[in-house]
Amino acid sequence: MKILRNPLFVIVLAGLISTPAWAVNRELVELQTQVQQIQDQMTALKQSLDERMGVIKNLMDQNTDSINKVTVAITNMQVAIQKQQSDTNNHVDQLSGQLQTLNDSLDELKARLGKVTNQLESMQQAQQTLASQQAQQTQQQQQQMSVPPPDVLYNNALRDYNGGNVDLAKQEFADYVKNYPNTDLAGNAYFYQAEMDFKAGDYPNAIKGYDQVLQTFPDGSKAASAELKKGMAQIEAGQKDSGIATLRHVVQRYPRTNEAMQAKDRLRKLGVATAASRRAE
């Protein structure tokens, strides 16, 4: 047989044959003991492994439950967030609509406020105008109450004029024409004002004063004198041609008056005719 030909088997067999029986039993017992210990260790290891696998499985189950719970919670949270976002968008839209409505209301209020402001300004202007008119009327009434009667005021002005109180007389004549512009003596007051300007050498204002007499009171007692003195003032002011024409008009309009004689005399001194068609005599 091949087994008998194996040198290793021969050596082991020889050893067994040469080894006593009690030694073989002891080795078998030790071998069995070692095998048993190995089996016990394997059993313990398997038990430990089973326990650990059970723990791991339990942990995995717990983790799976936790993951499922977390997944459900996340899903619920996502749903809640989406709902909240949708509600928020709806709320924002509502707020936008309300805000637009408020802006429209505010614009309308601004327009109304502008109208009310304009009305108030108009009322204030009207009140100011009324107050100003009332103040002017009050002032005029006060002035009228403080102004002397026309004859007294005129006589005072004429007295100061004849007395050489030029400034006072000028003010009194001005007060007279201001307060009594439609009386017969108003033309005289204008005339004396122009006379004071003429004597002071203020020929432009004197001419204006004489014109005031001629325009306002063309048939008054001072009309001829006013036109005569106007012509003289024009000549003194360098308006020779205008002055000559005015003096000729005095001669023509008031031929038998003292003013006409003075006009002729002045025209003779100027070397011109009293009329345009003939020379001075």
Stretch gain in nm, segment Lys240-Leu28, where the contour uses 0.36 nm per residue and the Cα spacing is subtracted: 58.7 nm
For the full complex of protein chains and a 1.4 angstrom probe, list Tyr254, Tyr176 by accessible area with the highest value first. Tyr254, Tyr176
Rank these by accessible area, largest first, 1.4 Å probe: Glu51, Glu259. Glu51, Glu259
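Counting only protein heavy atoms, what percent of the accessible surface of the range 141-277 is carbon or sulfur at a 1.4 Å probe?
Details: 3520 of 7520 Å².
Result for the range 141-277: 47 percent of the exposed heavy-atom area is carbon or sulfur.
How large is the accessible surface per residue of the chain, computed with a 1.4 Å probe and reported in Å² as a whole number? If you can, show how the numbers build up before the last one.
Numbers: 20680 Å² over 281 residues.
Counting only protein heavy atoms, the per-residue value for the chain is 74 Å².
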Quick one: compute the contact order of the chain, relative version, from alpha carbon pairs under 8 angstrom and 6+ residues apart, as a percent. 6
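Set the Förster radius R0 to 25 Å, insert the Cβ-Cβ distance between Leu270 and Lys199 as r into 1/(1 + (r/R0)^6), and round the FRET efficiency to 0.05. Could the numbers behind the result be given before it?
Details: r = 21 Å, r/R0 = 0.85.
E between Leu270 and Lys199, to the nearest 0.05, is 0.75.
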Out of (i) 20.2; (ii) 32.7; (iii) 19.3, which label holds the value of Kirkwood radius over Cα pairs in Å that was computed here? (ii)
Heavy-atom accessible area of Thr88 with all protein chains present, probe 1.4 Å, nearest 10 Å²? 70
Mind checking which of Ile38, Ala169, Val272 is farthest towards the positive end of the chain's charge dipole, using Cβ charges of +1 (Lys, Arg) and -1 (Asp, Glu) about the Cα centre? Val272
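The values are calculated or read from the model by the stated rules, or taken from the named source; none is laboratory data. Nothing here was measured: the structure is a model prediction, and the numbers come from that model. All Cβ positions, even for glycine, are placed from backbone atoms using ideal geometry, and neighbour counts span all protein chains on display. Heads up: the accessible areas ignore ligands, DNA and RNA and are worked out on the full protein's heavy atoms, side chains in. Shrake-Rupley method; radii C 1.70, N 1.55, O 1.52, S 1.80 Å.
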